[in-house]
Each structure stands twice: as C-alpha cells, then as structure tokens.
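Below is one structure, written out as structure tokens; comments come after it.
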Amino acid sequence: MEAFEAILTRRSTRRFRPERPDRALIEQVIEAGRTAPSGGNNQTTHLIAITRPEVLDTLAVLVREAFAAMEVQPDTYRSMANSIRRAKTGDYIFHYHAPVLIVTANRKGYGNALADSACVLENMMIAGNALDLGSVWINQLHWLDESPAVREYLYGMGLSENETVTGGLALGYPEAGLPNREMLARTGNPVTWVE
Ligand SMILES: Cc1cc2nc3c(=O)[nH]c(=O)nc-3n(C[C@H](O)[C@H](O)[C@H](O)COP(=O)(O)O)c2cc1C
C-alpha cells in the first residue's frame, strides 16, 4: 500500500481474531515504530511487545480491578469514566482480546516522553494498516501508570523503575478480515493558513 493511502485510511480496530500474526509481521510493525523520530534523536521509547496469552489475561484482570476500585468524579475524563463504569460491571477487557499488545514506556519526567511515544505508536498504526493488520491505541496502562499492582506486574515484563508507561497498541487481524478503512469526516483539527 502506498504511504499516503496507508495514512489516510488508518482507522481503529476493536474486534480481533484470536490468532496471533506471525512474529515477522509483528516485527515489521515494531520496526516502523522504532524508526519514528524522537526529540533530540534520544530514542528512549521502550516497546514491550506482549503476545503471551497468560500475561494478556492477567493484565486484563489487573486493569479491570484497578478501574473497578476507582470512582467517577464530575471532572473525570470521559473515556476514563467509561472504563471505570464498565470495569465495575465486571465485563471489561481493555485490550479487546487482541493477540498482541505493545506497551510503550519512556523515561519518567522526560519532557518528550509522550510526544516521542505518540510518534512511535502512530508509525505502528500506519504500518499495521499497510500490512492489513488492525490496531488501536490503548491508553489504560498509561492512566494506571501509578497503580502499584499494574506497575509491579509490568516490572516483571521488562518495565524499568525509571520509566513511565506512555501508551499502548492492541494489534492483530481484524475480526472482519481487513481493517475498516472508511475515512472519518474531519470536523476538528482546524487549519489556519498564513500566506
Ligand atoms: C491518545 C489516544 C488515546 C486513545 N485511547 C484509546 C483507548 O484507550 N481505547 C480505545 O479503544 N481507543 C483509543 N483511542 C482511539 C481513538 O478513540 C480513535 O483514534 C478515534 O476515535 C478516531 O477513530 P479512528 O482511529 O478510527 O480514526 C485513542 C487514540 C488516541 C490518539
């Protein structure tokens, strides 16, 4: 797929087939992420690629428990409020049963941590689309970066104590076969030209 088409037709996938794509395919996506630009060329985004089913299951339980213990406040961010409400029902799998979850982390307190990680994640989403894989940004582990249970578990998966979780990507074959590529109308992201 041509680069511009891969960018314009990228959409989020939230229903995945259970089978894991070949490791070579996942590696291609990861390489696209690692090739992203970084502030000062620091290249400090750490990618933790999780495909072990027991780990994905345990993370789903830890995330559900962490959100279930929280309360929605008037100023709770809408998406987070949805996570809390759904976790309290007990029926909540934050990674949508995707067979691959790539967690991004970066140095604690580093000013470009989120920006660099976003570049990595976007590169991976576009590469996934080009390879007919579906993906969606997963923010729950970032929100739960301070949760002791989640952090402790991620230490066992390679997270360093001096890293903060910046985001994540669920990845896999879309349940529908190919990713949804129907373009969303752009009603925001305004452009101001100064010519
Ligand atoms: C910073 C960021 C965080 C996001 N977090 C989540 C998330 O936790 N779960 C989810 O299902 N989608 C998440 N998304 C996906 C957005 O909901 C999605 O990109 C948006 O609705 C536009 O749809 P599209 O990706 O199909 O174009 C996130 C996207 C971004 C950029």
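The values are calculated or read from the model by the stated rules, or taken from the named source; none is laboratory data. Please read all numbers here as calculations on a predicted model, not as lab measurements. Backbone-built Cβ (ideal geometry, glycine too); neighbour counts: all protein chains shown. Each accessible area value is taken on the protein alone, full model and side chains, heavy atoms only, with ligands, DNA and RNA left out. Shrake-Rupley method; radii C 1.70, N 1.55, O 1.52, S 1.80 Å.
Which is of a type in the set (Asp, Glu) and not in a loop (DSSP other than H, G, I, E, B), of 132, 116? Let's see the steps before the verdict.
Values: 132 fails: not in a loop (DSSP other than H, G, I, E, B).
The match here is 116.
Please tell me if residue 122 is more than 15 Å from the ligand (Cβ to nearest atom) and part of a helix (DSSP H, G or I).
On the way: more than 15 Å from the ligand (Cβ to nearest atom): no; part of a helix (DSSP H, G or I): yes.
In short, no.
Taking the criterion of being open to solvent by less than 40 Å² (accessible area, probe 1.4 Å), closer than 19 Å to residue 50 by Cα and part of a loop (DSSP other than H, G, I, E, B), the only residue of the range 159-189 that qualifies is 159. Among the residues of the range 63-80, which ones are polar (S, T, N, Q) and either outside any helix (DSSP H, G or I) or surrounded by 13 or more Cβ atoms within 10 Å (Cβ to Cβ) (or both)? Within the range 63-80, 73, 76 qualify.
Screening residue 88 with (1) surrounded by fewer than 18 Cβ atoms within 10 Å (Cβ to Cβ); (2) within 13 Å of the ligand (Cβ to nearest atom) gives one miss only, at (2).
With respect to residue 45, determine if the residue is buried (at least 19 other Cβ atoms within 10 Å of the Cβ) and among the hydroxyl-bearing types (Ser, Thr, Tyr). So residue 45 fits the description; yes.
For the range 15-35, the condition holds for no residue, the condition being that it is open to solvent by 20 Å² or more (accessible area, probe 1.4 Å), assigned to a loop (DSSP other than H, G, I, E, B) and small (Gly, Ala, Ser). Taking residues in the range 124-152 that are over 13 Å from residue 167 (Cα atoms), and partners anywhere that are open to solvent by less than 50 Å² (accessible area, probe 1.4 Å) and among the aromatic types (Phe, Trp, Tyr), the pairs with Cβ atoms closer than 8 Å and at least 6 places apart or on different chains are 134/16. Answer yes or no as to whether residue 149 is among the small types (Gly, Ala, Ser), in a helix (DSSP H, G or I) and more than 14 Å from the chain's Cα centre (by Cα). So residue 149 passes the test.
Residues that are at pLDDT 95 or above and under 12 Å from residue 133 (Cβ atoms) were ranked within the range 1-10; the one that is nearest to the ligand (Cβ to nearest atom) is 10.
Going by the structure shown, is residue 192 over 24 Å from residue 52 (Cα atoms), within 15 Å of the ligand (Cβ to nearest atom) and hydroxyl-bearing (Ser, Thr, Tyr)? Don't jump to the end; show me each part of the working.
Numbers: over 24 Å from residue 52 (Cα atoms): yes; within 15 Å of the ligand (Cβ to nearest atom): no; hydroxyl-bearing (Ser, Thr, Tyr): yes.
Judged against the criteria, residue 192 is not a match.
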